[in-house]
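One structure is given here, and the rest of the page talks about it.
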Amino acid sequence: MPRYRLDIEYDGSAYAGWQRQASQHSVQAAIEQAIFRFCGEEAGLRGAGRTDAGVHALGQVAHVDLCRDWPADTVCNALNAYMQIAGETVAIISAAKAPDDFDARFSAIRRHYLYRIVNRRAPLALMRNQAWWVSKPLDAGAMHEAAQALVGRHDFTTFRSAHCQAKSPLKTLDRLDVVRSGDEIEIRATARSFLHNQVRSIVGTLKRVGEGAWSAADVERALAAADRSACGPVAPPQGLYLVAVDY
């Protein structure tokens, strides 16, 4: 059975997340339905990351095995056509034949996330589902400085959802940068893998630093506590993007 790698973009606003669910529509289900309409196969799709409800992707990666050896461009174009007909906000950016041992999840060596905050007095009109609106002024420099305490290998229990299914809270955060450009603050995080809600929990905590309620030392203490109750508020999903996955 030929294996295909799919590079995927989606607006997650209308979905209950990436993962297929019995009672709600998901990104995975949208693509699997398009595959069935294209070739009549009930093929299972495996993604690189299980993004939550409302979270977006610019570079999600998935793989699927099909019975027939289709040209990759045919797979890409057909899936996009069927998803457009269905009104999905999902696009297959590219499709390519992949080796049999390629696994979109387990072959990944790095995942890159972006969180967007629009920091201005006026509410959002065009970007209301694409960024977190914060009206109170934020100090992005202080947020970046505090963020560096989280870079490296740590026990991230404080920044882990109570529903996280990972076996260990130990993760290595390779990068955590906070940069302002005009009204927008971008928070970029890179790691081999992330815990459930880790990025959004970190962003909510860094917001406290930006508004002056917390110091960098407070972030260090929260990390050291290894206690979920020490975390700041979890940032909303609409500002989060899975940007790219490295293999």
request  = Answer yes or no: is there a residue in segment 122-134 that is among the β-branched types (Val, Ile, Thr) and within 15 Å of ALA189 (Cβ to Cβ).
outcome  = no
message = Regarding segment 185-193, can at least one residue be identified that is among the charged types (D, E, K, R), in the same structural domain as LEU114 (by TED's automatic domain parsing) and not in a loop (DSSP other than H, G, I, E, B)?
response = yes
task = Take segment 198-230 and flag every residue that is surrounded by 23 or more Cβ atoms within 10 Å (Cβ to Cβ) and either part of a loop (DSSP other than H, G, I, E, B) or in contact with a Pro (Cβ under 9 Å, 6 or more places away or on another chain) (or both).
result = ARG200, SER201, THR205, LYS207, GLY210
query = Among ALA140, ALA162, ALA222, ALA131, which is the only one that is at pLDDT below 95 and not charged (D, E, K, R)?
reply = ALA162
task = Give the residue, chosen from GLY47, GLY54, GLY12, that is at positive phi and modelled with pLDDT of 95 or more.
result = GLY54
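For the structure I just gave you, tell me whether ALA147 is over 18 Å from GLY239 (Cβ atoms) and hydrophobic (A, V, I, L, M, F, W, C).
On the way: over 18 Å from GLY239 (Cβ atoms): no; hydrophobic (A, V, I, L, M, F, W, C): yes.
Criteria not met by ALA147.
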query = So which residues in segment 68-126 are within 30 Å of GLY210 (Cβ to Cβ) and among the charged types (D, E, K, R)?
reply = ARG110, ARG111, ARG116, ARG120, ARG121
request  = Could you tell me which residue of segment 1-28 is nearest to HIS63 (Cα to Cα), considering only residues that are among the charged types (D, E, K, R) and over 13 Å from the mean Cα position of the chain (by Cα)?
outcome  = ARG5
request  = Determine the pairs where a residue that is more than 13 Å from GLU220 (Cβ to Cβ), located within segment 144-173, has a partner that is among the acidic types (Asp, Glu) and surrounded by fewer than 18 Cβ atoms within 10 Å (Cβ to Cβ) with Cβ atoms under 7 Å apart, the partner being 6 or more residues away or on another chain.
outcome  = HIS144/ASP177; THR157/ASP227; PRO169/ASP155; LEU170/ASP155
message = Where the second residue is in a strand (DSSP E or B) and the first is more than 19 Å from GLU9 (Cα to Cα) and lies in segment 103-114, which pairs have Cβ atoms under 6 Å and are six or more apart or on separate chains?
response = ILE109/ASP246
query = Which number in (1) out of contact with any strand residue (DSSP E or B) (no Cβ under 8 Å at 6 or more places or on another chain); (2) outside any loop (DSSP other than H, G, I, E, B); (3) small (Gly, Ala, Ser); (4) closer than 24 Å to ALA53 by Cβ marks the one condition that ALA162 misses?
reply = (2)
message = Residues that are within 23 Å of ALA131 (Cα to Cα) and surrounded by 16 or more Cβ atoms within 10 Å (Cβ to Cβ): does segment 71-86 have at least one?
response = no
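The values are calculated or read from the model by the stated rules, or taken from the named source; none is laboratory data. Bear in mind the structure is a predicted one, so any value in this text is a computation, not a measurement. Because the Cβ atoms are built from the backbone with ideal geometry, glycine has one as well, and the counts that use them run over all protein chains shown.
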